[in-house]
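Novice: Have a look at the structure that comes next, please.
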Amino acid sequence: MKKIKYFLLVATLIFVTAPTVMAGTQANMNSQTSWTNGYSLVLLDCNSLKEAKSARDYIESQGGRIALILSEHAMTGWISPEIIPSLTSNKQYPITAVYLSPVSPDLIEYQDAKTIYAVNFFNSVASGEAARKIAASATAEKAPLVDDARDAPPISYGDYIHNLKQMGIDVDAYKDRGLLINADANISPAPGNSDVMTGTVAMGMLFIESDGSIEGNLYDWTAAARDDMLNQAGIALSWWANQAPAYGASVTFSICYFDPLTNPAMSQGYEPLNGTHTSGQVGLWIDAVMTNMGYLSGSHFDKVYAFNTWLKGYAGTDWAYTAVVCYNPAAAPTTYNDGYFAWAYYGGPYTHLLYRNNGYEISDFAEILAHETGHIFYACDEYYQPGYGGCTSCDPCNTGSHGVPNGNCEYCNQDAVLCMMRTGPWVLCCYTPGQIGWSWTPDDCQSGGNLPLAPSNLIVRAPQRPKTIGLRWGDNSDNEDGFFVERKRGRCRSNRAWQEIADVPADSTRYQNRRLRPNATFSYRVRAYNGNGNSDYSNCRSATTQP
Ligand SMILES: [Zn+2]
């Protein structure tokens with residue numbers, strides 16, 4: 001819950017002994033802003049999100065890719081110029097225009113708020129502004145999202161069904177269409193509302209507002225803060241959509257936001273970040289907002305489960321989840337009293353986030369939402385921090401992750417690399433796609449491209465100086481970020497455990513190991529590392545310190 005700096009993470013890596021050495025864990029390093037290339041805006045004359053979703057299916061069948069459905073009149077994605085004439089001339093789907101460069105919202109035929117949001121978001125991407133913000137944010141030091149992945153809460157199925165009926169839903173028809181979640185919590189995962197990140201996904205984005213009726217109203221969402229969150233949600237979900245094709249998958253998100261400035265259902269009596277609440281109390285305001293929308297039965301979880309099922313029907317999507325966002329401008333704390341601020345449940349029903357999240361910039365909201373969305377689809381955490389949760393095994397981390405191991409967990413893989421499910425950079429590591437239901441084989445995590453070459457010709461000597469052993473090696477690579485030096489007691493063939501004792505800069509070829517026990521034998525080996533992982537080890541050499 002407290003901000004943890006990278007040096008603590010590095011210390012953790014040094015003291016945890018990995019039981020097995022895995023091949024370098026690969027990550028796609030070019031993904032941070034490459035999704036903004038070729039970003040396109042599609043305008044449509046549909047009457048509902050469901051109709052827009054049908055048009056999306058058509059566009060994808062023609063070779064286009066849709067990242068976001070933002071209203072019945074607007075979607076964004078990647079449309080190559082060659083297919084635009086066939087899209088706009090077809091008679092069955094009312095695709096009226098495709099833009100590849102910024103367009104003034106005033107020139108758009110549809111002036112509803114959600115379409116204007118879509119145009120403004122598209123302009124921020126097509127103008128390069130979004131990429132500049134992502135690049136600026138990506139350089140900042142990030143803390144892990146501690147203890148933020150939780151098991152799905154229990155459901156009262158009777159209350160879930162009752163909530164659907166209260167909303168006027170034909171439950172039998174929904175059952176026939178496969179939209180209901182599974183009644184049996186022992187079948188895991190349920191067929192639920194967010195089993196796999198494929199096809200179409202509706203995200204209900206609830207902006208919680210307070211009205212002063214129960215406790216003092218301190219903060220009110222501003223249009224600027226709301227729009228910032230919406231644009232960052234667009235970034236987060238476009239990034240996921242852009243990753244999918246590399247893993248044989250396709251995913252489109254339908255962002256259904258509930259405006260705190262105009263939708264009275266978002267207003268309720270509590271002020272979440274007034275400094276008196278713990279994270280365990282979020283059910284109070286989530287329940288109130290759900291009640292305002294007409295969900296009356298059971299716990300706030302039962303209501304959000306039902307809301308997500310309603311969303312699937314409303315937006316015509318395969319899956320749905322909810323993002324609850326509470327407002328805490330500069331005067332407010334950035335966590336609840338117990339230190340929590342952002343978390344998600346495996347398989348849903350919701351992720352909870354703040355406008356300002358502890359230790360992060362406001363502009364980091366997109367990365368946090370992207371990370372939490374991974375958990376909603378059963379992606380595992382890959383960071384480990386004693387006392388702060390995270391992963392403690394390289395085995396599958398939950399029952400919904402398709403049996404895919406959590407091989408980039410830093411607790412058990414000393415080659416673990418930084419990526420979205422570890423500490424947040426816009427990089428997808430190789431196990432996560434399998435966990436969220438994309439095409440995956442163990443080989444995906446075994447290739448060794450762009451790793452540095454191993455150092456060689458390691459020589460170790462105990463010089464005249466006592467308690468010291470000197471190392472020299474040959475540097476064979478030109479792409480290393482540095483070298484890890486490992487040591488163990490005894491000869492090279494001893495069964496003692498290796499320990500990482502030093503991290504020395506790129507192009508280093510020597511290291512002095514000081515303050516050793518006199519007249520004792522130590523063995524050494526060295527390997528190079530970079531952002532893709534570690535090289536093989538050098539040869540092993542031993543030396544005995546002076547008596
Ligand atoms: Zn997490």
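Novice: Can you find even one residue in the stretch 68-75 that is closer than 27 Å to Trp310 by Cβ, surrounded by 21 or more Cβ atoms within 10 Å (Cβ to Cβ), among the β-branched types (Val, Ile, Thr) and touching a strand residue (DSSP E or B) at 6+ places or on another chain (Cβ under 7 Å)?
Specialist: yes
Novice: Let me ask something else. Taking the criterion of being without any contact (Cβ under 8 Å) to a residue 12 or more places away in the chain and away from the ligand (no atom under 11 Å from the Cβ), would at least one residue in the stretch 406-422 satisfy it?
Specialist: no
Novice: Something else: Residue check, Asp475 against (1) over 30 Å from Tyr378 (Cβ atoms); (2) free of Cβ contacts under 8 Å to residues at least 12 places away in the same chain; (3) not aliphatic (A, V, I, L, M), all met but one. Which one?
Specialist: Status for Asp475: all satisfied but (2).
Novice: Something else: Kindly check whether there is at least one residue in the stretch 257-273 that is in a helix (DSSP H, G or I), surrounded by 15 or more Cβ atoms within 10 Å (Cβ to Cβ), touching a Phe, Trp or Tyr at 6+ places or on another chain (Cβ under 8 Å) and among the polar types (S, T, N, Q).
Specialist: no
Novice: Now, a different point. Among the acidic types (Asp, Glu), buried (at least 16 other Cβ atoms within 10 Å of the Cβ) and within 22 Å of the chain's Cα centre (by Cα): is that true of Asp318 in this structure?
Specialist: yes
Novice: Restricting attention to the stretch 332-387, which residues are assigned to a helix (DSSP H, G or I) and within 12 Å of the ligand (Cβ to nearest atom)?
Specialist: Of everything in the stretch 332-387, those that are assigned to a helix (DSSP H, G or I) and within 12 Å of the ligand (Cβ to nearest atom) turn out to be Glu367, Ile368, Leu369, Ala370, His371, Glu372, Thr373, Gly374, His375, Ile376.
Novice: Right, next: Need at least 2 residues that are at pLDDT below 95 per element, so show me which helices (runs of 4 or more DSSP H) inside the stretch 102-219 make the cut, counting only ones lying wholly within it.
Specialist: Once the helices (runs of 4 or more DSSP H) in the stretch 102-219 are filtered for at least 2 residues that are at pLDDT below 95, what remains is 129-138, 157-166, 171-176.
Novice: So how many residues does the stretch 481-493 have that are surrounded by 13 or more Cβ atoms within 10 Å (Cβ to Cβ) and farther than 26 Å from Gly533 by Cβ?
Specialist: Counting residues in the stretch 481-493 that are surrounded by 13 or more Cβ atoms within 10 Å (Cβ to Cβ) and farther than 26 Å from Gly533 by Cβ gives 3.
Novice: Okay, moving on. Output yes when any residue across the stretch 251-263 is free of Cβ contacts under 8 Å to residues at least 12 places away in the same chain, in the same structural domain as Ala379 (by TED's automatic domain parsing) and of a type in the set (S, T, N, Q), and no when none is.
Specialist: For the stretch 251-263, residues free of Cβ contacts under 8 Å to residues at least 12 places away in the same chain, in the same structural domain as Ala379 (by TED's automatic domain parsing) and of a type in the set (S, T, N, Q): present.
Novice: Please state which one of Asp170, Asp148 is more than 16 Å from the ligand (Cβ to nearest atom) and of a type in the set (D, E, K, R).
Specialist: Result: Asp170 is the single residue among Asp170, Asp148 that is more than 16 Å from the ligand (Cβ to nearest atom) and of a type in the set (D, E, K, R).
Novice: Check Ser363 against each of (1) surrounded by fewer than 21 Cβ atoms within 10 Å (Cβ to Cβ); (2) touching a Phe, Trp or Tyr at 6+ places or on another chain (Cβ under 6 Å) and name the one condition it does not meet.
Specialist: Going through the list (1) surrounded by fewer than 21 Cβ atoms within 10 Å (Cβ to Cβ); (2) touching a Phe, Trp or Tyr at 6+ places or on another chain (Cβ under 6 Å), Ser363 breaks only (2).
The values are calculated or read from the model by the stated rules, or taken from the named source; none is laboratory data. Computed from a predicted model, the values in this text were never measured in an experiment. Note: ideal-geometry Cβ built from the backbone for every residue, glycine included; neighbour counts use all protein chains shown.
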